[in-house]
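One structure is given here, and the rest of the page talks about it.
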Amino acid sequence: MKLYYKPGACSLAPHIVAREADLPVELVSVDLVQKKLEDGGDYFAVNPNGYVPALDIGEGPVLTEASVVVQYLADRKPESGLMPAAGSTARYRVQQWLAFVSTELHKQFSPLFKPNTPDATKEIQKELLAKRFGFVDQALEGKTYLTGETFTAADAYLFTVLNWASFVKLDLTAFPEIARFMAAVRARPAVQTALREEGLA
Ligand SMILES: N[C@@H](CCC(=O)N[C@@H](CS)C(=O)NCC(=O)O)C(=O)O
């Protein structure tokens, strides 16, 4: 399998899941500005939407959408606990968090990275994100990870997205549970490996 990625982008979530599950995933870096691969190839030919992550699974078009790519990878190694069994309530809880991270956090961060987003819009986004951070902080009380003591694909995605806060000057110091969560995830050996492979450790 090949994972198309950009260092530190949302593709870090499937990268972490791949390393946690010890899957032989090859990394292919993408220039998201030029939409080019390192060998000069056209990235639109890989993913017509031009975004990462995209996972070449050896059949059909690449698999896209971070919240789905992490599930596909986790399901290659069910014993990893990264995704609970299909049909179980535990799985819906992880999927609930994946959807929350995707729509309520990831996509609310996105305008903050765009140079043409008006400052007033950026302020609105930051206020909304602060509310969502408060919710996550409360949800993490008394637990190591989002759903308890087992690290799941949703934790990989949450870590990836919250890691962007400092880049857009969002202060997380008011959220002690989030700080504790970030430190716990960062300390995991597979997470360290993924960060190192992306030049971020
Ligand atoms: N709907 C996609 C969005 C992925 C996305 O926003 N990727 C960003 C990096 S975090 C990207 O590649 N942006 C470049 C672009 O959209 O041109 C998903 O959920 O995976």
Any residue in region 86-106 that is within 27 Å of V33 (Cα to Cα), among the acidic types (D, E), outside the structural domain of S67 (by TED's automatic domain parsing) and modelled with pLDDT of 95 or more?
-> yes
One residue from V70, V62, V33, V25 being touching a strand residue (DSSP E or B) at 6+ places or on another chain (Cβ under 6 Å), modelled with pLDDT of 95 or more and within 14 Å of the ligand (Cβ to nearest atom) | V62
Working only within region 167-201, note down all residues that are outside any helix (DSSP H, G or I) and surrounded by fewer than 17 Cβ atoms within 10 Å (Cβ to Cβ).
-> K169, L170, D171, L172, T173, A174, A187, G199, L200, A201
Selection count, region 97-130, where residues are assigned to a helix (DSSP H, G or I) and either away from the ligand (no atom under 16 Å from the Cβ) or β-branched (V, I, T) (or both) | 12
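Condition first: charged (D, E, K, R), under 18 Å from F151 (Cβ atoms) and either without any contact (Cβ under 8 Å) to a residue 12 or more places away in the chain or in contact with a strand residue (DSSP E or B) (Cβ under 7 Å, 6 or more places away or on another chain) (or both). Now tell me which residues in region 86-111 satisfy that.
R91
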What are the pairs, 6+ residues apart or on separate chains, where a residue within region 45-71 that is without any contact (Cβ under 8 Å) to a residue 60 or more places away in the chain has its Cβ under 6 Å from a residue that is basic (K, R)?
-> G50/K35; V52/K6; D56/K2
Breaking point among (1) within 12 Å of the ligand (Cβ to nearest atom); (2) in a helix (DSSP H, G or I); (3) under 22 Å from V161 (Cα atoms), for Y92 = (1)
Checked against (1) of a type in the set (F, W, Y); (2) assigned to a loop (DSSP other than H, G, I, E, B); (3) more than 16 Å from Y4 (Cα to Cα), Y51 satisfies every condition except (3)
Tell me which residues, restricted to region 1-22, are away from the ligand (no atom under 16 Å from the Cβ), more than 13 Å from E197 (Cα to Cα) and either touching a helix residue (DSSP H, G or I) at 6+ places or on another chain (Cβ under 7 Å) or modelled with pLDDT under 95 (or both).
-> E20, A21
Would you mind finding the one in A90, A86, A99 that is loosely packed, with under 14 Cβ neighbours inside 10 Å and in contact with a Ser or Thr (Cβ under 8 Å, 6 or more places away or on another chain)?
-> A99
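Report yes if K36 is without any contact (Cβ under 8 Å) to a residue 40 or more places away in the chain and either in contact with a Pro (Cβ under 7 Å, 6 or more places away or on another chain) or not hydroxyl-bearing (S, T, Y) (or both), otherwise no. Full working, then the answer.
On the way: without any contact (Cβ under 8 Å) to a residue 40 or more places away in the chain: yes; either in contact with a Pro (Cβ under 7 Å, 6 or more places away or on another chain) or not hydroxyl-bearing (S, T, Y) (or both): yes.
When the stated conditions are applied, K36 passes them.
The values are calculated or read from the model by the stated rules, or taken from the named source; none is laboratory data. Everything numeric here is computed off the predicted structure, so don't read it as measured data. Glycine gets a Cβ as well: all are built from the backbone with ideal geometry, and neighbour counts include every protein chain shown.
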